[in-house]
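Encoded as structure tokens, the structure appears first; notes follow it.
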Amino acid sequence: PGKVLMECLGKPMIKHQVDRIKKSKFIDDVIIATTLNKNDDILVDFCISNNINYFRGSELNVLSRVLECAENSFTDIIVETPGDCPLVDYAIVDRAIEIYINNNYDYVSNNMKPTFPGSFDVQVFSTNVLKKVSKLTQNPIDQEHVSLYIYRNQNIFECKNFEAFENQYAPHLSFQLDTYEDYLAICEIFFNLYNKESYFSCEDVINLIKRKPEIRDIN
């Protein structure tokens, strides 16, 4: 609980994530889709004080939350990253978007077949596709996992999984923020790579772990 507001280098994890996504050359806006749960009031207060757009919806039906968020903001194309991925790499996000807009896929993702480290997940799909999904399934599992129904029904939807380049390949690593140990490992990565004047990539993280495997051992 409260993990996305835990600080590293004087900045909450969610702020690191938003700042890294905003480097994308395609993203028009970043919206944090959170819940109506009172426990998330503190996250909403943070968004307000930092001029970050947010939307509040169902805690359990994440599909409806994301769909309502998109409709509320008149979004045509949804680019979704999990809120516990502060290391997200905008170059990977942009690669996903380019594949999507240059083809006729309904869904583009890099995690149907894991090849990237955990914490670099991204998926792209249209609001209209998500509307269709919301009408086709009422299964709580599908509602909890927004895109599950899409890539499990590739007879209905045209899906594309893109894989890591050779220097990005590390599916054995995971730096999603789920546990306190994850937090410590992620902080070590920021301590070693963060520089306000530059940007570190997925490749930089992998190379750091090769040099300092003790960081991987933390979590």
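FYI, it's all coordinate maths here, none of it is from the lab. None of these values were measured; they are calculated from a predicted model. With ideal geometry, Cβ positions are generated from the backbone for all residues, glycine too; neighbour counts draw on all protein chains shown.
Need one number: % antiparallel among DSSP beta bridges in the chain, to the nearest 5.
50
Find out how many positive minus negative residues lie around K25, taking Lys and Arg as positive, Asp and Glu as negative, among other residues whose Cβ is under 10 Å from that of K25.
-1
Report the rotationally averaged projected area of the range 120-219 based on its alpha-carbon convex hull, in square nanometres.
Result: 8.8 nm².
Give me the percent relative contact order of the chain, please, defined on Cα pairs under 8 angstrom at least 6 residues apart.
Taking the mean separation of contacting Cα pairs over the length of the chain, I get 20 percent.
Projected onto the charge dipole of the chain (+1 at Lys/Arg Cβ, -1 at Asp/Glu Cβ, origin at the Cα centre), which of Y169, M6, I206 gives the Cα projection farthest towards the positive end?
Farthest towards the positive end: Y169.
In degrees between 0 and 90, to the nearest 10, how far off the longest principal axis of the chain does helix 180-193 point, with axes built from Cα atoms?
70
Measure nothing fancy, just the Cα-based angle from helix 62-72's long axis to the longest principal axis of the chain, in degrees from 0 to 90, nearest 10.
The two axes meet at around 80 degrees.
Hey, what does the equivalent ellipsoid look like for the chain, semi-axes from the Cα gyration tensor as sqrt of 5 times each eigenvalue, largest first, whole Å?
Rounded to whole Å, the semi-axes are 27, 22, 16.
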